Structure formats: structure tokens, C-alpha cells
């Protein structure tokens, strides 16, 4: 696990949620497969289902008129997905029961932040 990269992915997703909604919910649960699922949800306007993949493209700003005064250049979702894929996982989007967007991070194995040991066993 690359902790700083994973932190960046979570910061990007939660930052997007906070920028577009008034309420943000972050939750995590273990998967039956041994992996982990993390949900970042908001009550903002969401993204239409047909534009979910477009939203992951670098520099994608789906609605320029809505985003004129927003910080960022459209890399947050692309970076989050790249980090998840680098850990063997994925990021997908859906509709939150809060009314806005739901970003779902799924990782295939338990997350470990322990640094790999450089020592060898005798």
C-alpha cells in the first residue's frame, strides 16, 4: 500500500463531495472477498449516469457554467481511479441515497499501511 497516494485519492474524493454538496458521508466496510469498500457520498447535484466515465478523464469539467468559481482542474477523479487501480482496485460512481454522487473505492485485499520489511529471515 502506498499510504500517501491512497490518502491523496481519499482527499480528492472527499474534497469533490464537499465542494458540490452540503453533506458528505464517508463509510467503509470489509468485502466478503477479503477486500475493502469505501464510499464517499454527498447531497450535491451529482453527475448523470451517462457522464460517469467522462468524469474520470483528466481535465474533465463536465459543466463549465456550474464550475466557473470552483478550484481544481479536473484531475481529482482521474487521480483517485489511477491510485485505486495501482492497488489492484477500482473507483466507480453511482447515485447516493443522500441525493448526490456516490464514489465507490473497492480494493481487492485488506489494506495494510505497514512498511515492507527490508530484513531477510535467517
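Coordinate-derived values only; no laboratory data. Given the structure is predicted, the values throughout are model-derived calculations rather than measurements. Glycine also receives a Cβ, built like all others from the backbone with ideal geometry; neighbour counts cover every protein chain displayed.
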How many nm is it between the label spots at residue 60 and residue 27, if each spot is 7 Å from the Cα in line with the beta carbon?
2.5
Which of the three applies to region 3-107, rounded, prolate or oblate, going by the alpha-carbon gyration tensor with a ≥ b ≥ c and a/c under 1.5 meaning rounded?
prolate
Using 0.36 nm per residue, how much length does the chain from residue 5 to residue 18 gain when fully extended, once their Cα-Cα distance is taken away?
2.7 nm
Work out how much length residue 49 to residue 85 would gain on full extension: take 0.36 nm times their residue separation and subtract the Cα-Cα distance, in nm to one decimal.
10.9 nm
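Name the shape class, rounded, prolate or oblate, that the alpha-carbon gyration tensor gives for region 1-65, where a ≥ b ≥ c are the square roots of its eigenvalues, rounded holds for a/c under 1.5, and otherwise prolate holds if a/b is larger than b/c and oblate otherwise. Before the final figure, lay out the partial values.
Values: a/c = 1.73, a/b = 1.58, b/c = 1.10.
Prolate, since a/c reaches 1.5 and a/b exceeds b/c.
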If I stretch the segment between residue 97 and residue 109 completely, what's the gain in nm (0.36 nm per residue apart, minus their alpha carbon distance), one decimal?
1.6 nm
